[in-house]
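One structure below.
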There are 2 protein chains.
Amino acid sequence: MLEPELLATNQAIIARMDSPVALIPQLAAHLVAAGGKRLRPLLTLAAAKLCGYEGARQIKLAACVEFIHTATLLHDDVVDESVLRRGFASANAVFGNKASVLVGDFLFARAFELMVEDGSLEVLRILCSASATIAEGEVLQLTTQNDLSTTEQKYFDVIRGKTAALFAAACEVGGVIAQRPAAQTAALAQFGMDLGMAFQLVDDALDYAADEAELGKTVGDDFREGKLTYPVLLAIAGADARELEFWTRTIGEGEQSETDLATALAFMQRHNATQRSIARADAFVESACAALAAFPESPMRTALEDVARYTTARRF
Amino acid sequence: MLEPELLATNQAIIARMDSPVALIPQLAAHLVAAGGKRLRPLLTLAAAKLCGYEGARQIKLAACVEFIHTATLLHDDVVDESVLRRGFASANAVFGNKASVLVGDFLFARAFELMVEDGSLEVLRILCSASATIAEGEVLQLTTQNDLSTTEQKYFDVIRGKTAALFAAACEVGGVIAQRPAAQTAALAQFGMDLGMAFQLVDDALDYAADEAELGKTVGDDFREGKLTYPVLLAIAGADARELEFWTRTIGEGEQSETDLATALAFMQRHNATQRSIARADAFVESACAALAAFPESPMRTALEDVARYTTARRF
């Protein structure tokens, strides 16, 4: 339904990540050109189309959203000294921390250049604010790491910042360039925000989805990093004395042995942590779909609802 | 001469680096609030005053320039795994790589938010483009690390990107908000660019200024990191067989023992590498001052010339 726009966005992405400094397109290509799901730029394209927008500005802005996302991925790859000392493999083994940081910075800057070319201060305001919020969410996550007293509220603050804010902005700008009334751009932002919350909840649940381990998906990254994600919070909330001791040692103190992940998964299952996380995500999806009621029924509205519902159905 | 403006800039800096996520102002305060030389924001303030600007926009933009600078400092602190493995102390020992990256990202985003509030697309264009150029320069520097075949041209490309581009942008925006003709904003950009080149040349020379070691300044950081800075290029260009073997091992292959820095310093002195670097910086300073001829004589023009000449006179 959005194939020509997505193709144009891909072309813009490849054209605009170029640089005379060869390492930049080389490293960026690993993430950007390889072509992930392109979920966030698709949201911008879909929101613009839902609003009946007929110009071409959504292409550049979709590329810009993907650049911001890729930059955060690169920066997320940066490994702490402590993690390295514990002997875990680094996600950025090929190029190193420094290259990840600097190429990420380049993509951020390029994203802002794309916005400036677009020329709308309103769009700039939305995406700059989202960028600051993403960083705040990531720092908040860092401060909750290994902290067993992390509340559900704080977890939701983290994922609202690190994930949902960009989903919201990606949707909102599609409505802004179509010059829709505030009620509709706000509805798009709400749709994106709820969708982003659902998306991250599912992501965090799948990190403990033991039955997927056989399919080649990495399981347990969050566990190893001592992240207080929703399934862990659920398991801790329902923990008996023995379980609490386990979580205190493995997550609180970061002392893990090879068999601990299997134990963690067993405790998770005992409390239905994965299913309950996905149920929570389902509630966000319903809220997301409800926000779209600000728009008349249309094939694009149905497509967006389908995308949202698919988010909690995915198992990869 | 610019004291009230600098005071207001400092207040803006402290106010705008605040965040509900406590680690952000905590970490940023280490760098920003502690108050470095504030050289780059001072350039914006001085350029605006030189142009007879009488509004208040320069304050926010000066803060914005300092945020960009601080973000790059934080990201420069990020350490590579390889460096860690070789056992060097990390510059970001207190907070870790990840916090440096994320708080840097926050400051970048905040800088862009400040620009959006200012509302000038021309200013946004200049500073976004400078940000992309900084990242390109830093990546280029990374690719020349440990590469003995690095040319002088490439070194100048690196410092133009990583340092001079922000100096240039800081000056240029001062002229832009004063709505000066293109010839004068271009002259300001040229002044900043040349000044930045001189500044980095002096910085790189001082990293090998042995006689300063007693004054408590760290010497030899660039050597340990295998950076191909100007003094090293001079020493390599004039090296005999024994010296070349030394540079190949210590810089090219990164194999260093404790006594190597002293040897490096001795070779540097043999080729007058520090003095010749500063002479090169002097030439940039003269070019910077010449650019200011686009403006009539004034106390502020003299002050800027003095700042430029002081750059190559500094010994810390």
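The values are calculated or read from the model by the stated rules, or taken from the named source; none is laboratory data. Everything numeric here is computed off the predicted structure, so don't read it as measured data. Virtual Cβ from ideal backbone geometry, glycine too; neighbours counted across all protein chains shown. Calculation scope for accessible area: heavy atoms of the full protein, side chains included, ligands and nucleic acids excluded. Shrake-Rupley method; radii C 1.70, N 1.55, O 1.52, S 1.80 Å.
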Cα-based Rg (one decimal) and Dmax (whole number) for the range A:103-210, in Å? 15.5, 48
May I ask you to list the GluC sites (Glu not before Pro) in the range A:213-300 that are in a DSSP loop and have at most 15 other Cβ atoms within 10 Å of their Cβ? A:E253, A:E255, A:E258, A:E297
In terms of the ratio Rg/(2.2 N^0.38 Å) built on C-alpha atoms, what value belongs to the protein assembly as shown? 1.02
May I ask for the accessible area buried between chains B and A, both sides summed, probe 1.4 Å, to the nearest 100 Å²? 3800
Could you compute the FRET efficiency for B:A279 and A:Q179, with r as their C-beta to C-beta distance and R0 at 56 Å, rounded to 0.05? 0.45
Counting other Cβ atoms within 10 Å, keep those with at most 14, restrict to DSSP loop, and tell me which trypsin sites (Lys or Arg not before Pro) in the range A:142-229 are left. A:K217
Considering only DSSP states other than H, G, I, E and B, which trypsin sites (Lys or Arg not before Pro) in the range B:36-66 qualify as loop sites with at most 11 other Cβ atoms within 10 Å? B:K37
If the limit is 21 Å between Cα atoms, which of B:K60/B:K98; A:K49/A:K162; B:K98/B:K227; B:K162/B:K227; A:K37/A:K154 go over it? B:K60/B:K98; A:K49/A:K162; B:K98/B:K227; A:K37/A:K154
Provide Rg over Rh for the range A:148-256; use the alpha carbon set for both Rg and the Kirkwood Rh (inverse mean inverse pair distance). 1.12
How much of the accessible area of the range B:3-313, probe 1.4 Å, is carbon plus sulfur, in whole percent? 52
With a Förster distance of 35 angstrom and the Cβ-Cβ distance between B:A237 and B:S298, calculated FRET efficiency to the nearest 0.05 equals 0.25
Residue among B:A241, B:F106, A:G192 farthest towards the positive dipole end of the protein assembly as shown, charges placed on Cβ: A:G192
What is the P(r) of the range A:3-313, as percent of Cα-Cα pairs per 20 Å bin from 0? 32, 56, 12, 0
Quote the charge dipole size of the protein assembly as shown about the Cα centre in Debye, to the nearest 20; the model charges only the Cβ of Lys and Arg (+1) and of Asp and Glu (-1). 960
Simple Cβ-charge dipole of chain B, Lys/Arg +1 and Asp/Glu -1, about Cα centre, in debye nearest 20: 540
accessible surface per residue for chain B, probe 1.4 Å, DNA/RNA/ligands not counted, whole Å² -> 40
FRET efficiency estimate (nearest 0.05) - Cβ-Cβ, A:L73 to B:E305, R0 60 angstrom: 0.85
at B:Q153 the sorted inter-copy label distances (label 7 Å from Cα on Cβ side), in nanometres, are 6.1
At 1.567 mPa s and 4 °C, Stokes D of the range B:227-314 from Kirkwood alpha-carbon radius, µm² per second: 85
For the range A:55-61, in residue order, the Karplus 3J(HN,Hα) values (coefficients 6.51, -1.76, 1.60; θ = phi - 60°; whole Hz; Gly and Pro = x) are x, 10, 5, 4, 5, 4, 6
